[in-house]
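Coordinate-derived values only; no laboratory data. All values derive from a computational prediction rather than experimental measurement. Quick reminder, even Gly has a Cβ in these numbers, built from the backbone with ideal geometry, and neighbours come from all protein chains shown.
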Amino acid sequence: MRETPGPEEGAAAAKDAKAARVVPWWHLHRRLYDWVLGFAHHRHSTTALFGLSFAESSVFPVPPDVLLGPLALGNRKKAMGFATVTTVGSVLGAFLGYLIGYSLIDLALRIPGITREGVDWLAGQFEQYGMWYVFVAALTPIPFKLLTITAGFARMDLLVFAAACIVGRSLRFYLVAGAFWLIGPRALPFIDKYFNWLALAFVVLLGGGFYLVKYVF
């Protein structure tokens, strides 16, 4: 008796979804998404995810969610493993950000989105609210690297800094991976239909984080 096939996942789902539509050549963001989705089963996928997570915590502006989400969707069996890799890479990168702020603040000020005024203001707040600033940045779209660098500049207690990073980053990335694990292939038709709107929403959230840091902080 022939077994009923389960829901399509991973590279097979991505391949079928891609074959079912015609993507204009100028939709580079969509082609990148398709490539990442198919990349979920590649032997270097976790390495790429770790590298992006590490860099985002100290110098790189793009959050690792853009890779974590499609990877978790493309290979649901490894969703929690991807979340662990993202968390570890991000926390280790946060210590690099701390080191940059601690001893290389002039270099840090060359990173887009980081200004002397913003760093000085945050440093003045860190004695009382440092743990919460780092935690909120670790959990939300606020640029995390600004807070890790400022934490080093403000000489924030390393144990408190580590705890805030671990808790905030773990909550964020396990929630992202868990959401994609839960909805699985059912998300593909929705993403296919509303991809451009979802991409726009992500850009708005990312830009909103930079706006919040620049004009509120």
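Neighbour counting of Cβ atoms within 10 Å sorts the residues Arg169, Arg43, Arg76, Arg110, fewest neighbours leading, into Arg43, Arg110, Arg76, Arg169.
With each label modelled as a point 7 angstrom along the Cα→C-beta vector, the His44-Ile183 pair spans 3.0 nm. Label-to-label distance, Trp121 versus Leu104, with points set 7 angstrom from Cα along the beta-carbon direction: 2.6 nm. As a rough footprinting exposure proxy, the listed residues Tyr98, Tyr174 were ranked by other beta carbons within 10 Å of their own, and the order from fewest upward is Tyr174, Tyr98.
Neighbour counts of other Cβ atoms within 10 Å put Leu175, Leu92, Leu73 in the fewest-to-most order Leu175, Leu92, Leu73.
Normalised size of the range 61-128, defined as Cα radius of gyration per 2.2 N^0.38 Å with N residues, equals 1.46.
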